[in-house]
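Colleague: Below: one structure in structure tokens.
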Amino acid sequence: MKLNTIGYCLKQGIGNIKRNKMFSVASVITIVVCIFLFGLFYAILANFQYMLSEAENTVGVTVFFEDNMKEKDILSLKEELEERDDVKTVDYVTEEDAWNEFKEIYFAEMPELAEGFEGENPLVGSASFEIYLKDLSKQKQLVAELEEMEGIRKVTYSELAAGGLEDMQSLVGWVSLFVTGVLFIISVFLISNSITLSYTVREKEMHTMKWLGATNLFVKAPFIIEGLLLGLIGTVIPLLILYFFYKEIIVIINERFSILSNVLKFLSVKQVFQILLPVSLLLGEGIGFIGSFFTIRRHLKV
């Protein structure tokens, strides 16, 4: 397609938008809402996934051994666990390590109290593994297998912490998918109406162009460009709003609720938008293309 032909199609596409202001504005507003909610749900879901990933570094499975279990058997079990695909790290906490950590926490202000235990370890038999998983959803399976292993006396873990994060992540994901899907359908419907109105206004002109030898692409291009422009406008607006909204909300939370900053760790704007930007543009342009292409194809029998 020649440069002047592209310019003509672009001009006609813009003209169609101006002629059908009511449907064009309605289409853009619906796409704006669709992309905004999609971006909002994505940001929430991405941060939950990030927090879940961070939680995997703090929520672990603790394994205690039978008193008669030998050191070599413990180290052998450690190697076996580290070879598992679902295990990230296995920290071996010896009896001495456990006692030293206990003293640092509970005798920090009164170290003289610990002197009464000089030469003995009151935490004999407290050696353990701290196992951290790559995926918390595998926790129950690992715990079940550990409880069946020989030499293991007790297994402790936080089922509530892992399950709560996973359930919330799943809920947000399904709600996001449902709302975005509904708005996607509404957006395509409104763009379809806008394209139909544009075609109705120029129906005789389109058929005349066909009789004069205009190609299918030349006739359809202005309407497809109209849909793509509506999709682009409806995508850029919510992305700008989301960019500044997300940036400010993170600053507000960190400044006004600093006590939560150690608990709630958020993704940066750059981390969120490096995925949100291309996906939203693809979604918005997809709405515009589907709404225009199939509509003009249905109405214009060429």
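Colleague: Between a first residue in region 70-94 that is acidic (Asp, Glu) and a second residue that is surrounded by 15 or more Cβ atoms within 10 Å (Cβ to Cβ) and in a strand (DSSP E or B), which pairs have beta carbons less than 6 Å apart while being 6 or more apart in sequence or on different chains?
Modeller: 82/90; 86/133
Colleague: Follow-up question, since we're still on this one. Have a look at 273, 245 and point out the one that is at pLDDT 90 or above, over 20 Å from residue 230 (Cβ atoms), under 21 Å from the mean Cα position of the chain (by Cα) and surrounded by 16 or more Cβ atoms within 10 Å (Cβ to Cβ). Break it down into steps so the answer makes sense when it comes.
Modeller: Numbers: 245 fails: surrounded by 16 or more Cβ atoms within 10 Å (Cβ to Cβ).
Residue meeting the stated conditions: 273.
Colleague: Let me ask you something else. Could you tell me whether residue 251 is open to solvent by 50 Å² or more (accessible area, probe 1.4 Å) and at pLDDT 60 or above? Give the steps one after another, and end with the answer.
Modeller: Details: open to solvent by 50 Å² or more (accessible area, probe 1.4 Å): yes; at pLDDT 60 or above: yes.
Judged against the criteria, residue 251 is a match.
Colleague: Another one. Counting only residues that are assigned to a helix (DSSP H, G or I), open to solvent by 70 Å² or more (accessible area, probe 1.4 Å) and modelled with pLDDT of 85 or more, how many does region 74-105 have?
Modeller: Qualifying residue count for the region: 4.
Colleague: Let me ask you something else. Only residues in region 128-152 that are touching a residue at least 24 places away in the same chain (Cβ under 8 Å) count as the first member; pair them with residues that are loosely packed, with under 13 Cβ neighbours inside 10 Å and part of a helix (DSSP H, G or I), Cβ under 9 angstrom, at least 6 apart or cross-chain, and list the lot.
Modeller: From region 128-152, the pairs are 139/159; 143/159.
Colleague: Now a separate question. What do you reckon, is residue 126 open to solvent by less than 40 Å² (accessible area, probe 1.4 Å) and modelled with pLDDT under 80?
Modeller: Working: open to solvent by less than 40 Å² (accessible area, probe 1.4 Å): yes; modelled with pLDDT under 80: yes.
Spelling it out, residue 126 is indeed open to solvent by less than 40 Å² (accessible area, probe 1.4 Å) and modelled with pLDDT under 80.
Colleague: Residue pairs, Cβ under 9 Å, 6 or more apart or interchain, first in region 180-198 and assigned to a helix (DSSP H, G or I), second acidic (Asp, Glu) and modelled with pLDDT of 70 or more. List them.
Modeller: As it stands, the answer is 191/226; 194/226; 195/226; 198/226, since those pairs meet every condition given.
Colleague: With the structure loaded, tell me whether residue 137 is polar (S, T, N, Q), more than 22 Å from residue 83 (Cα to Cα) and modelled with pLDDT of 65 or more or whether it fails that test. Steps first, please.
Modeller: Details: polar (S, T, N, Q): yes; more than 22 Å from residue 83 (Cα to Cα): no; modelled with pLDDT of 65 or more: yes.
The answer is no for residue 137.
The values are calculated or read from the model by the stated rules, or taken from the named source; none is laboratory data. Predicted model, so just to flag it, every value in this text is computed and none were measured. Methodologically, a virtual Cβ is constructed for each residue, glycine included, from the backbone with ideal geometry; neighbour enumeration extends over all protein chains shown. For accessibility, only protein heavy atoms count, side chains too; no ligands or nucleic acids. Shrake-Rupley method; radii C 1.70, N 1.55, O 1.52, S 1.80 Å.
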